[in-house]
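These notes concern the structure reproduced below.
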Amino acid sequence: MVAGTTLYPSQSNVSDREWFSVLRDGKAELFVGHALKGRGVHSLFFPVARSIRRMDGAFIGAVQVGVEVTYIASLFRNLNVGHGAHLGLYGTHDGQVVARYPMSEALLGETVATAPYTLALAQSQAQSWIGWIENGHDELVSARRLNGWPLIANAGLSKGNVHSDAWTRLLWRSVIASLIFAAFLMLNVLTLRQFRREAILVGELEHRGRNMLSVVVALIDRARESTKSSEEFASSVRGRIRSMASTQALLSKTRWQGINLANVIRAELEPYNTAANVTLDGPEVLLTPKATHGVAMVLHELTTNAAKYGALSQQGGQVSVRWIVTAKHSAAAMLRIQWKETGGPKVTPPTRQGHGSSVIRDLLRYELDGSVDLVFASDGVRCAITLPAQSTIDTTG
């Protein structure tokens with residue numbers, strides 16, 4: 001163990017871990033492991049790891065991020081699948097559980113290796129499978145293979161839950177013989193609707209899971225490129241993952257319905273905020289989930305830069321964040337956010353653009369069709385962010 005975001009026992013060694021041996025032996029460059037209980041952090045998680053190699057291809061190490069199962073469970077929970085349903089991610093090659101909802105330590109050994117959908121998806125070019133399986137009881141399952149990842153996502157619901165509403169209707173209508181046929185037709189319609197609902201749920205599960213894993217891998221790669229030491233690398237990855245987790249917590253509280261911009265700003269500045277060094281001013285603005293992630297990542301990079309080199313790095317420094325919505329009742333409505341630092345050390349413009357500056361300048365332009373004007377003025381960094389109307393779901397004040 002060279003560096004980590006958590007304190008581990010001295011002389012920790014991970015050479016016996018499956019992910020390390022797979023990457024070391026060249027069997028894969030990207031590894032997603034099954035759920036397990038950590039040795040240093042005693043919670044359920046699954047590893048996402050990537051190898052580090054020299055220019056000649058020689059293996060020199062690996063980077064591994066442990067994604068806690070509780071984090072994935074919060075994503076699954078937000079899908080509102082209803083009582084009696086379960087969702088899961090499983091390895092394509094062995095069917096071992098990677099993440100599941102609901103999840104417990106007793107389910108760590110769960111496998112779907114013999115399930116018909118696992119065999120169908122692993123041994124063919126098929127992308128999805130829907131059908132009934134016998135697993136102690138009849139269960140309707142929809143499964144999909146995640147493109148670019150060694151994972152299968154599935155959603156399952158017992159036969160009793162699938163048909164409960166329909167059978168209740170059938171019971172009440174059975175007293176009238178003329179409506180028996182209509183009740184059976186209704187049962188079929190409800191079953192078809194459930195098939196469609198399962199397919200939609202698995203599609204949303206695939207989208208969220210793939211996005212989350214892609215962001216984690218991209219974060220590791222960019223941090224590895226832009227840091228000079230293992231300590232700096234660990235600090236960079238830790239800060240950005242904590243920012244992602246904080247944003248996810250805000251979205252979970254509102255069930256992905258919209259986040260107050262002021263709360264997003266406060267969450268990023270909270271570790272450095274005192275009664276005198278931060279000023280926020282603006283109307284109530286609710287951001288869409290997509291806009292929330294983008295704005296939070298940019299604010300995290302601005303806050304980190306201010307804490308290391310700018311106004312938050314010394315006493316007397318001030319960060320002011322103000323926002324306004326212009327022409328909000330027209331198609332040209334824009335959200336403008338102004339970040340301004342004063343009272344900090346004299347600013348020297350960087351000689352090269354690192355990962356943080358790249359995120360600030362480019363992310364919102366690509367993700368939300370916005371614009372960012374980042375200025376390294378000698379008396380303090382200034383950043384003007386402009387986002388179109390579709391970045392907000394509601395504005396008052």
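The values are calculated or read from the model by the stated rules, or taken from the named source; none is laboratory data. From a predicted model like this one, the values you see are computed outputs, not experimental measurements. Reconstructed Cβ throughout: ideal geometry from the backbone, glycine too, with neighbour counts over all protein chains shown.
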Counting only residues in the range 266-292 that are surrounded by 23 or more Cβ atoms within 10 Å (Cβ to Cβ) and assigned to a helix (DSSP H, G or I), the one modelled with the highest pLDDT is identified as 268
Looking at residue 35, is it within 30 Å of residue 141 (Cβ to Cβ), modelled with pLDDT of 70 or more and crowded, with 17+ Cβ neighbours inside 10 Å? yes
Can you tell me how many residues within the range 242-291 are out of contact with any helix residue (DSSP H, G or I) (no Cβ under 7 Å at 6 or more places or on another chain) and among the β-branched types (Val, Ile, Thr)? 3
What are the residue pairs meeting all of these: first residue in the range 126-148, first residue at pLDDT 85 or above, second residue charged (D, E, K, R) and not in a strand (DSSP E or B), Cβ atoms under 7 Å, and 6 or more apart or on different chains? 130/198; 142/198; 144/206
Test: residue in the range 331-344 that is out of contact with any helix residue (DSSP H, G or I) (no Cβ under 7 Å at 6 or more places or on another chain) and crowded, with 22+ Cβ neighbours inside 10 Å: yes
By residue number, the members of the range 130-152 that are out of contact with any Leu (no Cβ under 9 Å at 6 or more places or on another chain) and farther than 17 Å from residue 92 by Cα are 134, 135, 136, 137, 138
Check off (1) over 28 Å from the mean Cα position of the chain (by Cα); (2) at pLDDT 90 or above; (3) more than 18 Å from residue 386 (Cα to Cα) for residue 306 and give me the number that stays unchecked. (1)
Those residues that are farther than 14 Å from residue 302 by Cα and either in a helix (DSSP H, G or I) or touching a Lys or Arg at 6+ places or on another chain (Cβ under 7 Å) (or both), I need them from the range 341-380; list them, please. 365, 366, 367, 368, 371, 378
Selection count where residues are part of a strand (DSSP E or B), aliphatic (A, V, I, L, M) and crowded, with 20+ Cβ neighbours inside 10 Å, scope the range 14-32: 1
